[in-house]
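What follows draws every value from the coordinates through simple rules; no lab data is involved. Everything numeric here is computed off the predicted structure, so don't read it as measured data. Cβ coordinates were reconstructed from backbone atoms using ideal geometry, including for glycine residues, and neighbour counts include every protein chain displayed.
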Amino acid sequence: MKKSLTPIALLAAALLAASGTALADITVGVTVSATGPAASLGIPEKNTIALMPRTIAGQKVNYIVLDDASDTTAAVGNTRKLISESKVDVILGSSTTPNSLAMIDVVSEAKTPMISMAASARIVEPMDDKKKWVFKTPQNDIMMSLAIVEHMAASGVKTVAFIGFSDAYGEGWYQEFSKAAALKNLQIVANERYNRTDTSVTGQALKMVSAKPDAVLIAGSGTPAALPQKTLKERGYAGKFYQTHGVANADFLRVGGKDVEGTFLPAGPVLVAMQLPATHPVRKSASAYVTAYEAAYGKGSVSTFGAHGWDAGVLMSAAVPAALKKAQPGTPEFRAALRDALEQPKEVPGAHGSFSMSANDHLGLDQRARVMVKIENGAWKYQP
């Protein structure tokens with residue numbers, strides 16, 4: 001028998017319908033690189049969106065996920081579409097530095113907060129009227145560069161050859177690594193570039209081998225970062241290899257195979273969460289993400305990139321309650337309040353570290369957000 005609503009329930013429903021705004025959902029727009037050269041970054045990020053909260057502070061949250069195919073123009077187009085057509089309250093993405101940098105003008109013009117999952121410090125620095133609308137979750141290049149040069153110096157490395165993507169990721173890394181290398185008196189003896197879509201780097205590899213460096217740093221992300229290492233191995237280079245945190249996923253291990261054995265890289269603690277000592281400050285929050293992701297997608301499936309997406313959700317969840325006290329979702333006032341609230345989190349535990357934001361720091365991570373890792377037997381090994 002069908003139950004009829006009580007007069008009180010009918011009145012409550014009528015009041016809610018009349019108020020309209022009381023029923024407004026929070027709408028989150030997402031653009032990630034789920035296909036194209038950066039797919040090994042974007043796929044785990046897209047997967048992670050499915051694990052994010054569906055309600056925050058009692059308010060329903062809807063996610064609209066678009067693929068920008070690792071293309072800057074598509075990322076900008078997706079951002080415009082999400083803002084103009086879907087009237088999103090916040091943008092999450094994109095996966096790469098070039099895409100994220102290109103999106104800044106769009107979100108700042110629309111006064112819509114954005115949380116990037118790309119690494120370059122240039123996404124949030126130097127702070128200005130545009131970048132005040134932009135936040136990010138991955139560690140800055142300088143933080144990871146310092147970890148690499150400290151390891152290099154401790155391992156007796158004196159000379160380094162550098163090869164990076166010929167875009168904002170590679171350039172940003174060279175700028176920060178060269179500064180860090182100078183602090184430890186490391187000499188950069190070669191400086192090469194290649195495109196994410198290149199199928200050969202033989203010319204660059206020959207120049208690097210001829211410089212006889214003690215170590216090579218490859219500043220790429222995802223599976224395309226394996227190409228220079230494979231080529232250098234083929235050319236007989238037998239020195240140390242370092243990669244950036246841009247390769248911390250299973251696809252890189254699969255594509256690199258035996259050629260990436262012995263490689264060192266800095267990474268977020270989440271990559272080796274279960275290997276961390278019990279006293280590590282990020283072990284608990286990192287393990288929570290690993291458990292959630294592997295329950296959904298299988299053992300060994302977790303990557304640091306998906307965790308950057310998770311941390312975007314962590315920051316959003318921390319900021320939304322304060323924003324809701326000032327305005328209703330779907331309004332310019334709510335978007336402005338959410339931007340303000342994103343500057344407030346202090347010691348909020350995420351998968352990569354504890355976030356403490358401020359008006360001048362839209363990343364909020366410190367040295368607790370990095371560990372050194374070695375590739376051993378096709379797996380990540382924590383280096384205390």
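Subtracting the Cα-Cα distance from 0.36 nm times the residue separation, let me have the gained length for residue 198 to residue 158 in nm, one decimal.
11.4 nm
For residue 326, go through the aspartates and glutamates and keep the ones whose alpha-carbon is under 13 Å away, minus same-chain ones fewer than eight residues off.
340
Specify the angular offset, from 0 to 90 degrees and rounded to the nearest 10, of the alpha carbon long axis of helix 304-324 from the longest principal axis of the alpha carbons in the chain.
For helix 304-324, the angle is close to 30 degrees.
By a straight-distance test (C-alpha under 20 Å), which aspartates and glutamates pair with residue 284 as possible cross-link partners, with residues fewer than eight away in the same chain excluded?
Partners within reach: 294, 311, 347, 366.
Under the rule of at least 5 residues apart or a separate chain, name every residue whose amide H is placed under 5 Å from the amide H of residue 118.
137
Report relative contact order for the chain in percent, whole number only (criteria: Cα-Cα under 8 Å, sequence separation at least 6).
Contact order relative to length: 17 percent.
What is the antiparallel percent of DSSP beta bridges lying wholly in the range 27-160, to the nearest 5?
Of the beta bridges lying entirely in the range 27-160, close to 10 percent run antiparallel.
Report the extension gain between residue 250 and residue 185 in nm, rounded to one decimal, defined as 0.36 nm multiplied by the number of residues separating them, less their alpha carbon distance.
Result for the pair: 20.0 nm of gain on full extension.
Could you give each residue of the range 160-174 its phi-based ³J(HN,Hα) in whole Hz, using Karplus coefficients 6.51, -1.76, 1.60 with θ = phi - 60°, and x for Gly or Pro?
Going residue by residue, I get 9, 9, 10, 9, x, 4, 8, 8, 4, 5, x, 5, x, 5, 5 Hz, with x marking Gly and Pro.
If we sort 122-129, 137-144 on the protection proxy, mean other Cβ atoms within 10 Å, highest first, what's the order?
137-144, 122-129
Counting other Cβ atoms within 10 Å, keep those with at most 10, restrict to DSSP loop, and tell me which trypsin sites (Lys or Arg not before Pro) in the range 317-372 are left.
325
Rounded to the nearest 20 Debye, what is the dipole magnitude of the range 142-267 about its Cα centre when Lys and Arg each give +1 and Asp and Glu each give -1 at the C-beta?
My answer is approximately 280 debye.
By how many nm would the segment from residue 295 to residue 238 grow when fully extended, if each residue of separation counts as 0.36 nm and the alpha-carbon distance is taken off?
16.6 nm
Most exposed first by the Cβ proxy, i.e. fewest other Cβ within 10 Å, how do 247, 30 rank?
In order of increasing Cβ crowding within 10 Å: 30, 247.
May I ask you to evaluate 6.51 cos²θ - 1.76 cosθ + 1.60, the Karplus curve with θ = phi - 60°, for each residue of the range 341-348 and list the ³J(HN,Hα) values in order in whole Hz, giving x for glycine and proline?
5, 5, 8, 9, x, 10, 6, 7
On a straight-distance basis, which lysines could pair with residue 136 in a cross-link, Cα separation under 20 angstrom, same-chain partners fewer than 8 positions away excluded?
Counting by Cα, and skipping residues close in sequence, residue 136 has these lysines nearby: 46, 111, 346.
Along the charge dipole of the chain, which of 64, 41, 289 sits closest to the positive end, that is, farthest toward it, with unit charges on the beta carbon of Lys, Arg, Asp and Glu (+1, +1, -1, -1)?
Toward the positive end, the furthest listed residue is 289.
Counting only residues 5 or more places away or on other chains, whose amide H sits under 5 Å from the amide H of residue 59 once H atoms are built in the peptide plane?
HN-HN under 5 Å from residue 59: empty list.
With respect to the cross-link table entries 87/130; 299/381; 179/230; 60/130; 233/374, which display a Cα-Cα separation exceeding 21 Å?
179/230; 60/130
Would you please classify the overall shape of the range 142-267 from the alpha carbon gyration tensor, given that a ≥ b ≥ c denote the square roots of the eigenvalues, rounded means a/c under 1.5, and beyond that prolate means a/b larger than b/c while oblate covers the rest?
Rounded.
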